[in-house]
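To start, the structure itself, in structure tokens.
The values are calculated or read from the model by the stated rules, or taken from the named source; none is laboratory data. Just so we're clear, the structure is a prediction, and the values are computed from it rather than from any experiment. Note that we place each Cβ from the backbone using ideal geometry, even for glycine, and neighbour counts take in every protein chain shown.
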Amino acid sequence: MPLPKPAKGEKTKDFLDRCMADGTMQDEYPDPDQRFAVCKAQADDRAVADDRARAVEITRLASRYGASTQRAVEAILAGTSVEDFEESMR
């Protein structure tokens with residue numbers, strides 16, 4: 001059975017609660033510690049994908065507005081949202 005995946009915008013805690021309570025997960029991973037590890041890995045994978053997408057979009061915006069790569073890197077490392085970065089470019 002496929003593993004549950006976080007929904008777009010779903011908070012990590014909400015996903016972990018949903019994943020831990022999932023009937024299939026309980027059947028396949030009866031040990032709660034193991035089930036939590038699998039659920040946490042799913043949440044972490046989503047977070048990495050979201051960070052990667054944010055970094056790509058900020059880099060694209062920096063290029064579009066003629067900003068330096070350094071400015072984009074600083075925004076990415078600071079955790080700046082795409083919306084805030086774009087606003088700072090205007």
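For region 78-88, which residues satisfy the criterion of being surrounded by 15 or more Cβ atoms within 10 Å (Cβ to Cβ) and either part of a helix (DSSP H, G or I) or touching a residue at least 40 places away in the same chain (Cβ under 8 Å) (or both)?
Passing the criteria: Val82, Phe85, Glu86.
Scan region 38-52 and give yes if some residue there is exposed (fewer than 13 other Cβ atoms within 10 Å of the Cβ), in contact with a helix residue (DSSP H, G or I) (Cβ under 8 Å, 6 or more places away or on another chain) and aliphatic (A, V, I, L, M), otherwise no.
Scanning region 38-52 turns up at least one residue that is exposed (fewer than 13 other Cβ atoms within 10 Å of the Cβ), in contact with a helix residue (DSSP H, G or I) (Cβ under 8 Å, 6 or more places away or on another chain) and aliphatic (A, V, I, L, M).
Under 6 Å between Cβ atoms, at least 6 apart or on separate chains: pull out the pairs that start in region 1-14 with a residue that is surrounded by 14 or more Cβ atoms within 10 Å (Cβ to Cβ) and end on any residue that is in a loop (DSSP other than H, G, I, E, B).
Pro4/Asp22
When you go through (1) modelled with pLDDT under 95; (2) in a loop (DSSP other than H, G, I, E, B); (3) touching a helix residue (DSSP H, G or I) at 6+ places or on another chain (Cβ under 9 Å) one by one for Pro6, which number turns out not to apply?
Of (1) modelled with pLDDT under 95; (2) in a loop (DSSP other than H, G, I, E, B); (3) touching a helix residue (DSSP H, G or I) at 6+ places or on another chain (Cβ under 9 Å), only one is false for Pro6: (1).
Please specify each residue of region 59-77 satisfying the condition of being surrounded by 13 or more Cβ atoms within 10 Å (Cβ to Cβ), among the hydroxyl-bearing types (Ser, Thr, Tyr) and either over 22 Å from the mean Cα position of the chain (by Cα) or under 13 Å from Ser88 (Cα atoms) (or both).
Selection gives Tyr65 alone.
Restricting attention to region 9-31, which residues are in a loop (DSSP other than H, G, I, E, B), within 15 Å of the chain's Cα centre (by Cα) and of a type outside the set (D, E, K, R)?
Gly9
Which of the residues spanning region 49-75 are of a type in the set (A, V, I, L, M, F, W, C) and either touching a residue at least 24 places away in the same chain (Cβ under 8 Å) or not in a helix (DSSP H, G or I) (or both)?
Ile58, Leu61, Ala62, Ala67
Among the residues of region 78-90 satisfying the criterion of being at pLDDT 95 or above and hydrophobic (A, V, I, L, M, F, W, C), which is farthest from Leu61 (Cα to Cα)?
Among them, the one singled out is Ala78.
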